[in-house]
Amino acid sequence: MENLPVPVFICHADQDASLLRELEQHLAPLDGSIDIWHRGRVAPGTEPMKEASVRLGRASLIVHLVSSDYLASDLCRDEAKQAISREKDGVTNVAIIARACLWRSAMCVPAAVLPSGGMPVASWPNRDEAWTKVAEGVQGMIAIINRVAQLLKRLRVNNASLGEPSADEQAALDALDCVDQGSAAQNIAAGPPGESRKQGEELSASAASPLIEVPGSVHELLQVLEDRAASIRIDLHKYYSYVAVQEYLAEFEALHAAHMKSLREGMVVRAHELARRIHRLSWRLEADNCWRKHQLETPSVRYCHTEDAFTRGPMALTYLPKLKVRQSPHSSITQPTTIESYLEALRALQTSE
């Protein structure tokens, strides 16, 4: 079954034009499987803003070239807001960290990040190697999008052969149709019934994203998280005197608000990544506090800690303590965890209250 080129929209700041050209060069081998558009490709005689809006609305994969200029751009932030809002329709967003910046606390940055781990492309000793990792990540996403499109087409053909679909079957098709616009890397809350459910599970397995719902009452869960966030605000001021707590709290507030919004809208994949970012922030606060305390109290003694030090941190232990996150010392990067472990952490949070 032949696949049509996947429409890709690249959101970037004008100052990153040279990095954009490098990205396009490394995506060139994918020509034929993707149809790339960005503001540098506006057709002559076309209104740029209007064409950008149309292209963004058609894209199945939206790539964000993230840098300090991207974060400071009102246009990029507006495009990112529109792009991320389309995740509920199955559209995939991915951030490529081009240059070092405060991307972890920026809500206009998608949950999925390339290169894996978030090390800026410009910071790699070998930039070609970094771009190759990025291109491989994009290639994998394109493969998922095409696989989902094939499964959806097969499901439609099967239903057509059986005659007019029932109301339940049509609802299943409508749910899966969201994925046809993008990648199944985003959560779909409703699973298809009967035989359709079996193919829906196959779709889910191929895209590594289960057709699941946030467990229990979302309203009750959000209230529990709000209560725990309130405790964090109090405890950090009370127990952490060696660091600028307000800066960490500001980043936590932004991540917490985005996490709550993602849960409220059923975007479990994004919510999972935001919870992991809170864990990373928690580890950084704990390590920073211990380091500064050591500098003040015993400046002549070298500071060190063991391999398993600060694996959780104060926010993580309060906010979502059962989330399984493995942290390496001297790093702000956590190892990948599964959505299943995230949902287990949410269930544990509900049952503990």
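The values are calculated or read from the model by the stated rules, or taken from the named source; none is laboratory data. What you are looking at is a predicted structure, and each value in this text was computed from that prediction instead of being measured. Positions of Cβ are generated from backbone atoms using ideal geometry, with glycine treated the same way; all protein chains shown enter the neighbour counts. Accessible surface areas use protein heavy atoms only, side chains included; no ligands, DNA or RNA. Shrake-Rupley method; radii C 1.70, N 1.55, O 1.52, S 1.80 Å.
A few points about this structure:
- Among the residues of the range 232-243, those identified as surrounded by fewer than 12 Cβ atoms within 10 Å (Cβ to Cβ) and not charged (D, E, K, R) are Ile234, Tyr239, Ser241.
- Residue list for the range 1-20, filter: open to solvent by 20 Å² or more (accessible area, probe 1.4 Å) and not in a helix (DSSP H, G or I): Met1, Glu2, Asn3, Leu4, Pro5, Pro7
- Evaluation of Val91 against the conditions (1) surrounded by 24 or more Cβ atoms within 10 Å (Cβ to Cβ); (2) over 13 Å from the mean Cα position of the chain (by Cα) shows that the sole unmet condition is (2).
- Any hit, the range 339-346, residues being farther than 19 Å from Leu255 by Cα, surrounded by 13 or more Cβ atoms within 10 Å (Cβ to Cβ) and either touching a helix residue (DSSP H, G or I) at 6+ places or on another chain (Cβ under 7 Å) or modelled with pLDDT under 55 (or both): no
- The range 55-88, residues that are open to solvent by 50 Å² or more (accessible area, probe 1.4 Å) and in contact with a Pro (Cβ under 8 Å, 6 or more places away or on another chain): Arg55, Arg58
- Of the numbered criteria (1) of a type in the set (A, V, I, L, M, F, W, C); (2) assigned to a loop (DSSP other than H, G, I, E, B); (3) within 21 Å of Ser262 (Cα to Cα), the one Cys101 fails is (3).
- Within the range 126-135, being charged (D, E, K, R), over 22 Å from Arg277 (Cα atoms) and surrounded by 14 or more Cβ atoms within 10 Å (Cβ to Cβ) holds for one residue alone: Arg127.
Conditions tested, residue by residue: (1) at pLDDT 80 or above; (2) under 17 Å from the mean Cα position of the chain (by Cα); (3) not β-branched (Val, Ile, Thr).
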site	(1), (2), (3)
Ile232	yes, no, no
Asp235	yes, no, yes
Ala257	yes, yes, yes
Arg264	yes, yes, yes
Leu274	yes, yes, yes
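- Of all residue pairs spaced 6 or more apart or on separate chains, those with beta-carbon atoms under 8 Å, a first member in the range 230-248 that is of a type in the set (D, E, K, R) and a second member that is open to solvent by less than 40 Å² (accessible area, probe 1.4 Å) are Arg233/Leu249; Asp235/Pro314; Asp235/Thr318.
- When the residues of the range 195-222 are filtered to those that are at pLDDT 55 or above and open to solvent by 90 Å² or more (accessible area, probe 1.4 Å), the one that is farthest from Thr92 (Cα to Cα) is Glu220.
- Residue within the range 118-130 that is among the hydrophobic types (A, V, I, L, M, F, W, C) and in a loop (DSSP other than H, G, I, E, B) present: yes
- Annotation note: of Leu23, Leu27, Leu75, the sole residue that is part of a helix (DSSP H, G or I), at pLDDT 90 or above and in contact with a Phe, Trp or Tyr (Cβ under 7 Å, 6 or more places away or on another chain) is Leu23.
- Only a single item in (1) under 16 Å from the mean Cα position of the chain (by Cα); (2) surrounded by 15 or more Cβ atoms within 10 Å (Cβ to Cβ); (3) without any contact (Cβ under 8 Å) to a residue 12 or more places away in the chain is not met by Gly140, and it is number (2).
- Residue that is nearest to the chain's Cα centre (by Cα) [pool: residues in the range 96-125 that are farther than 17 Å from His12 by Cβ and open to solvent by less than 20 Å² (accessible area, probe 1.4 Å)]: Ala111
- Taken over the range 258-276, residues that are within 18 Å of Ala80 (Cα to Cα), free of Cβ contacts under 8 Å to residues at least 60 places away in the same chain and open to solvent by 10 Å² or more (accessible area, probe 1.4 Å) amount to 1.
- Test for Val109: is it touching a strand residue (DSSP E or B) at 6+ places or on another chain (Cβ under 7 Å), modelled with pLDDT of 85 or more and in a loop (DSSP other than H, G, I, E, B): yes
- Some residue of the range 277-297 being of a type outside the set (Lys, Arg), within 20 Å of Asn93 (Cβ to Cβ) and either open to solvent by 30 Å² or more (accessible area, probe 1.4 Å) or modelled with pLDDT of 85 or more (or both): yes
- Matching residues, the range 30-54, being farther than 26 Å from Gln139 by Cβ, part of a loop (DSSP other than H, G, I, E, B) and out of contact with any Pro (no Cβ under 6 Å at 6 or more places or on another chain): Ala43, Pro44, Gly45, Thr46, Glu47
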